[in-house]
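Contents: one structure, followed by commentary.
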Amino acid sequence: MHAGFPDFRLGTVLATSFTGTLSERHGNAVERIPTPHRLVDWLTLNGLAVPSCTTAQLDAARELRESIHATATAAATQDALPATAVQVINDFSAQGRAAAVLTPEGKRRWLLGSASCVEDALSVIAADAISIVAGERDGKLALCASPTCRAAFFDTSRSRTRKWCDMNTCGNRQKKARFNANQRKNPGPAE
């Protein structure tokens, strides 16, 4: 991977992990795919390796990312889905050339052909977003409880009550802030 860039937040759900390439949306936003090469890195880590990416393809990827985020946020809050964002997702889903294949472990994996490009990988991400928003998978869309994050994530916990997009970042940050606030309110005995 390329040094000097923020780490990726890798989740288990492709579409919502993709929206996590822009984090802290309501704070100091962190762009995790600032260059075409960084998008290639993210796609490779997620089993969608492509040989290259142009600036125009990166712009298209960001358009898809924001459309998925807007649609997932609306679904999580039970608002009407934004028509423009839904159209972008549908358009990306329809344009790609990828095949779903079954692994020996009985899992679905997406296969891109040797001549595949960024648009083919983006079509897989769009199709994944469609399956999540349409309710075809076991789980529910939720929004991170962190006021600076508010990322959409797919909650597959047994109780469907997960609060954080990532416990190691948002969850720990919030718990630490709560602990520090309690320490200021109730200082311990002086030594």
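Tabulated values for the structure
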| item | result |
| --- | --- |
| Test result for residue 157, of a type outside the set (Val, Ile, Thr), open to solvent by less than 10 Å² (accessible area, probe 1.4 Å) and assigned to a loop (DSSP other than H, G, I, E, B) | no |
| For residue 146: the one exception among (1) surrounded by 18 or more Cβ atoms within 10 Å (Cβ to Cβ); (2) closer than 17 Å to residue 18 by Cβ; (3) at pLDDT below 90 | (2) |
| Scan of region 129-143 for residues that are in a helix (DSSP H, G or I) and either farther than 23 Å from residue 33 by Cα or at pLDDT below 95 (or both), ordered by number | 131, 132, 133 |
| Number of positions in region 113-162 that are among the hydroxyl-bearing types (Ser, Thr, Tyr) and touching a Gly at 6+ places or on another chain (Cβ under 7 Å) | 3 |
| Residue that is nearest to residue 82 (Cα to Cα) [pool: residues in region 113-126 that are among the hydrophobic types (A, V, I, L, M, F, W, C) and open to solvent by less than 30 Å² (accessible area, probe 1.4 Å)] | 126 |
| Some residue of region 95-107 being at pLDDT below 95, assigned to a helix (DSSP H, G or I) and over 14 Å from the mean Cα position of the chain (by Cα) | yes |
| Selection from region 108-123 of residues that are within 12 Å of residue 48 (Cα to Cα) and either assigned to a loop (DSSP other than H, G, I, E, B) or aromatic (Phe, Trp, Tyr) (or both) | 110, 113, 114, 116, 117 |
| Within region 127-141, tally of residues that are farther than 13 Å from residue 155 by Cβ and either open to solvent by 70 Å² or more (accessible area, probe 1.4 Å) or of a type in the set (A, V, I, L, M) (or both) | 6 |
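The values are calculated or read from the model by the stated rules, or taken from the named source; none is laboratory data. Bear in mind the structure is a predicted one, so any value in this text is a computation, not a measurement. In this analysis, Cβ positions are derived from the backbone assuming ideal geometry, glycine residues included, and neighbour counts consider all displayed protein chains. For the accessible areas, the whole protein counts, side chains as well, though only heavy atoms, and no ligand, DNA or RNA atoms are used. Shrake-Rupley method; radii C 1.70, N 1.55, O 1.52, S 1.80 Å.
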